[in-house]
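Visitor: Just dropping this structure here.
Bear in mind that the values in this text are calculations on the coordinates, not laboratory data. No experiment lies behind these values; they were computed from the predicted model shown. Note that each Cβ is placed from the backbone with ideal geometry, even for glycine, and that neighbours are counted across all protein chains shown.
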């Protein structure tokens, strides 16, 4: 495990600039909110966004990245295939990848999964409860049996992904659905974690348990060196 | 796969005799209701109960059993260890075992799992919805994305079992819990399926989707030759 | 399970035409040898090859295919992406896919795995022994603890694939390597089986145990309805 | 992860006292050799043996143990069931357990697995090569693609255990067998690692790669706190 993993938080950074109600929650972008928290907990953190040259993911940056966090939603198609190729290669070579929420439809996640990654969804701010399925897993460290998010978008099964190597969380939704919301995958020398919560309409990335899971997953997904 | 598996339905057969409201639902016992359905679908079926000599599980019976279905609740401790040893040995040698509902605390299931098999529970007749997590699995054949039981006992995570070899269903409960309600395990030459629904207070074993799952699991768990 | 699955055996059919010593073993192509055996065992079988229009995989053919068997080696790049897209979609919709030997580097297998699918190899006709890791798995039905191939190409770990949903065989090679040679994957509504043996220089696809495994895998991978 | 896990190395400590040729290799016992190495690498280590009161595994000792390492061979039956019960309970509550070599037939391992844990074996000092199947797993950190032991007892498949949650190593043996030699299991809140090498007739526990694997597994299996 890398003692002090270097994290890059990537965000397409579109909805925060287009929608005032999102900007109120994340005035400097979702990437900034996550990066701020990780930095304050002692990690070395960079950010990168879609509109930067090479989407901010130059070879120099990727080579200094132990963990890449990915948030995207409405602009997956704008991510260039050459960059996706490089990120894919880096994951297989050992870089950890943490894919958040609507990133399930990103090119890089679909490439790594080999499936459609489709799911059911409904966005009307319902209650979500995440249950820990594997209390021995390091990503569940420090959590109770379950934790709640007061309002979130719903994602429901069938989630078209390969069977995860470890299934850490299952979400319960008020409206009647369940979802595999914390999924670990080993791919090549790299480790991938998909974590469901984080629609832009809700202040999810300020929620302590959500941040704790992201931090735990950074250590779990770190390259072995 | 055995073309025509021979099934034995085992039931402790206590609550049906002790509780009039259960007897109304299952006048001849839960084993009888399940066996009736399986027979009518063309399978070769026997039943066996706790109060019979050797709990109805003599060597002769076990040797003619390809699939053993197990329901127990209040009398797990009365099952003799020598019989549990024999059933255990038969499973490792290839006999399929289908453990229903409160059978999670049976001696044979705990022996095969190696864990406590504990879980959360609450019995006030709430709605359960079972979601299919693996639509490619033969136990899910013929089902929609999900199916509902109007009233059932709740079982909730953390369910202390080994990670299943295949996870076919996750249950959603009205009160806020989730549960791994359809779990496949390979043990030795045998296959084990745990299926959650079936508290004695509800007519669950007359529900067509529940019966379909049990039938599917019989074919899946059949010995290979 | 489909009672009578319709099988299409696809072969790039190049080495048999280019190399006389291969033509001696498979005068009508590898696809023909496999198809002949499957037909004689009562299955409905078609063949398709690279040089046919649409590589023989038109919509009409694909829609009548329950199981696609894939052999390719030197011409993976000549398979058109539009055909790969269609096969991919069919697998996620439920068609079974059986990938043989050097098909590990086919476009369709790499697409479904999301990894490089690279491996070690050495071709000097050494002994291979395949060990059954899961005697309860239907693909191992009718086999002993292990079976041998007198001479084969060696494939060795690390094989860069996702962790299989079931690992049925591990190969031992005379020269010192091991390999996950029978791997099951669930992808969408489809099932995928990778089976290692079958270099064109050896009469592997006439070997009874190899043919038995392929037949077993056809039933295992069949669509559910 | 526990920053500084407290390790207890348990050994039945019989063959070293009974067989002079073993005593030459391990004059103070296998437990002493392992403990010495772990201590020198900075870990907090105790030892415990069969002949001590409560086999050295009193409540006080168990409560101060984060990781229990287990070696046994000819005296499994002499381990009292009450101690096995306590160790079992501690594992389900989070204590890590590392079971070495012939410990596959220990009461505690069989209890946790729920299967017979039987295997093939032959002891004539043949070459073993351990191949890394998952280079992203922390137990494989710092290793090459494979490593060799010049002379060891052979263990061969079928190894009757549940499918491991992660399979880190497969052994190749000179005589023609393979074996799942590094297996991870999650059980309750605890983690279990089975590691194959270590017959008493060979100086295996002085081998740097073997010691590295044991050390890696200590960190992997540590309680989460």
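Visitor: Run through the DSSP bridge list for the protein assembly as shown and note the antiparallel percent, rounded to the nearest 5.
Guide: Antiparallel bridges make up about 55 percent of those DSSP assigns within the protein assembly as shown.
Visitor: Another question about this same structure. Taking chain A as a Gaussian network, where each spring joins two C-alpha atoms under 10 Å apart, which residue of A:172, A:71, A:121 fluctuates the most?
Guide: Per the Cα network of chain A with a 10 Å cutoff, A:121 tops the list.
Visitor: Rounded to the nearest Å, what's the spacing between the alpha carbon centres of segment D:130-176 and segment B:136-188? Just the number, please.
Guide: If you average the Cα positions of each part, the centres end up 33 Å apart.
Visitor: Using only alpha carbon pairs under 8 Å that are at least six residues apart, calculate the relative contact order of segment D:97-150 and give it in whole percent.
Guide: 28
Visitor: Separate question: Under a point spin-label approximation (7 Å from Cα along Cα-to-Cβ), what is the residue B:85-residue B:201 distance to one decimal in nm?
Guide: 3.9
Visitor: Which whole-number percentage describes the relative contact order of segment C:102-185, with Cα contacts under 8 Å and a sequence gap of 6 or more?
Guide: 32
Visitor: Counting only Cα, what are the radius of gyration and maximum Cα-Cα distance Dmax of segment D:134-204, in Å?
Guide: Spelled out, the Cα radius of gyration and Dmax of segment D:134-204 are 12.9, 39 Å.
Visitor: Hey, what's the Cα Rg ratio for segment C:66-159 versus the globular rule of thumb, 2.2 N^0.38 Å?
Guide: 1.24
Visitor: So how compact is segment B:75-118: Cα radius of gyration and Dmax in angstrom?
Guide: 10.0, 27
Visitor: Continuing with the same structure: Across all directions of projection, what mean area in square nanometres is found for the Cα convex hull of segment C:86-225?
Guide: 8.0
Visitor: If you don't mind, there's one more thing I want to ask. Run through the DSSP bridge list for chain A and note the antiparallel percent, rounded to the nearest 5.
Guide: Bridges in chain A that DSSP calls antiparallel: roughly 55 percent.
Visitor: Would you mind telling me which residue in C:170, C:30, C:69 has the biggest mean-square fluctuation in a Gaussian network model of chain C, where springs connect alpha carbons within a distance under 10 angstrom?
Guide: Result: C:170 has the largest fluctuation of those listed.
Visitor: Sorting D:137, A:186 on the 10 Å Cβ count, fewest up front, what's the list?
Guide: A:186, D:137
Visitor: Determine which chain B residue has its Cβ at minimum distance from the rotation axis mapping B onto D, giving the value in whole Å.
Guide: So the closest residue, with its distance, comes out as B:114, 2.
Visitor: Evaluate 2.2 N^0.38 Å with N set to the residue count of segment C:164-225, then give the Cα radius of gyration divided by it.
Guide: So the Cα radius of gyration is 1.24 times the expected 2.2 N^0.38 Å.
Visitor: Something else now. Where the Cα atoms of segment A:1-134 are projected onto their three principal axes, how long is each span, largest first, in whole Å?
Guide: 40, 38, 36
Visitor: For residue B:39 and residue C:6, what is the calculated FRET efficiency with R₀ set at 35 Å and r taken between the beta-carbons, to the nearest 0.05?
Guide: Using R0 = 35 Å, I get an efficiency of 0.60.
Visitor: Any idea what the residue C:209 label distances to the other copies are, label 7 Å down the Cα→Cβ vector, nm, shortest first?
Guide: Output for residue C:209: 2.7, 4.4, 5.2 nm, nearest copy listed first.
Visitor: Okay, next question. Using only alpha carbon pairs under 8 Å that are at least six residues apart, calculate the relative contact order of chain D and give it in whole percent.
Guide: Dividing the mean separation by the residue count of chain D yields 23 percent.
Visitor: Tell me the Kirkwood hydrodynamic radius of segment B:1-60 in angstroms, computed as one over the mean inverse distance between distinct C-alpha pairs.
Guide: Mean inverse Cα-Cα distance, inverted, gives 12.4 Å.
Visitor: Give me a single rounded figure for D:107-114: the average over its residues of other chain Cβ atoms within 10 Å of their Cβ.
Guide: Whole-number average of other-chain Cβ neighbours for D:107-114 is 4.
Visitor: Identify which of C:56, C:142, C:103 has the largest mean-square fluctuation in a Gaussian network model of chain C, with springs joining Cα atoms closer than 10 Å.
Guide: Judging by the Gaussian network model, the answer is C:142.
Visitor: Hey, what's the Cα Rg ratio for the protein assembly as shown versus the globular rule of thumb, 2.2 N^0.38 Å?
Guide: For the protein assembly as shown, the normalised Cα radius of gyration is 0.94.
Visitor: Ignoring everything except DSSP H segments at least 4 long, calculate the 222 nm mean residue ellipticity for chain A; use -39,500 (n - 2.57) per segment, divide by total residues, nearest 500.
Guide: -7000 deg cm²/dmol
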